[in-house]
Amino acid sequence: MNAKTPPIASIEQRLAAIHTVLDEHTMEPEKFVDTFHDLASEQWVPANGARLVARAWTDPLFKQRLLDNGTAAIQEMGLSMPPHHRHFVVLENTADIHNVICCTLCSCTAFTIIGLPPDWYKDLEYRARVVRESRTVLKEMGLELAEHVQIRVWDTTADTRYMVLPERPAGTEELSAEQLAALVNKDALIGVARL
């Protein structure tokens, strides 16, 4: 018996079928997409992490709280993370230690603090190589570190998210917290750039 293989539905047809099922269960997919888009573009932004960094650079007591218990420190700043992100760990860069984060399983980040992950962060090659050959990967991304600098790679887990606390740039002593925050970008919060 030679059964004919049914045609595979197009992406548009599959999407329409999913919408139909969600609508039948009153799940309002358009409302979810709109809400998610607003959160991702307006609230889950690297500026949140930049504010944490600027405060840590200007307030030594806050910096210690941030390093000791990142979750409590972000709440102090009015920020939050999803309940399944049970731990928020902040990794301090120094002249001799450089931290970089990754997620070898997928592309998890502390997205409410540093924003959604960039495309290169989700790439299988980055995720695999940054663990094995971090110095080479960082150099390919434009960050060449001196040989004496120890590189520590931190792999996100199911319940732990990381953020890098970059070194404060020299000559910024007179800048306000707002001006300092403007210096911080997502790449520095991930650890693939220095400021």
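The values are calculated or read from the model by the stated rules, or taken from the named source; none is laboratory data. Treat the numbers as computed from the prediction; the structure is a model and nothing was measured. Cβ atoms come from the backbone with ideal geometry, glycine included; neighbour counts cover every protein chain shown.
Tabulated data for the structure shown
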item: Residues located in the stretch 141-195, provided they are assigned to a loop (DSSP other than H, G, I, E, B), under 30 Å from residue 86 (Cα atoms) and not acidic (Asp, Glu); result: 156, 157, 158, 166, 168, 184, 185, 191, 192, 193, 194, 195
item: Some residue of the stretch 105-126 being touching a His at 6+ places or on another chain (Cβ under 9 Å), modelled with pLDDT of 95 or more and not aliphatic (A, V, I, L, M); result: no
item: Residue within the stretch 69-92 that is modelled with pLDDT of 95 or more, closer than 19 Å to residue 183 by Cβ and small (Gly, Ala, Ser) present; result: no
item: Of all residues making up the stretch 84-114, the number that are of a type in the set (D, E, K, R) and either under 12 Å from the mean Cα position of the chain (by Cα) or part of a loop (DSSP other than H, G, I, E, B) (or both); result: 2
item: Condition check for residue 66: under 17 Å from the mean Cα position of the chain (by Cα) and more than 14 Å from residue 162 (Cα to Cα); result: no
item: Among the residues listed as 119, 155, the single one being surrounded by fewer than 17 Cβ atoms within 10 Å (Cβ to Cβ), within 23 Å of residue 69 (Cβ to Cβ) and within 14 Å of the chain's Cα centre (by Cα); result: 155
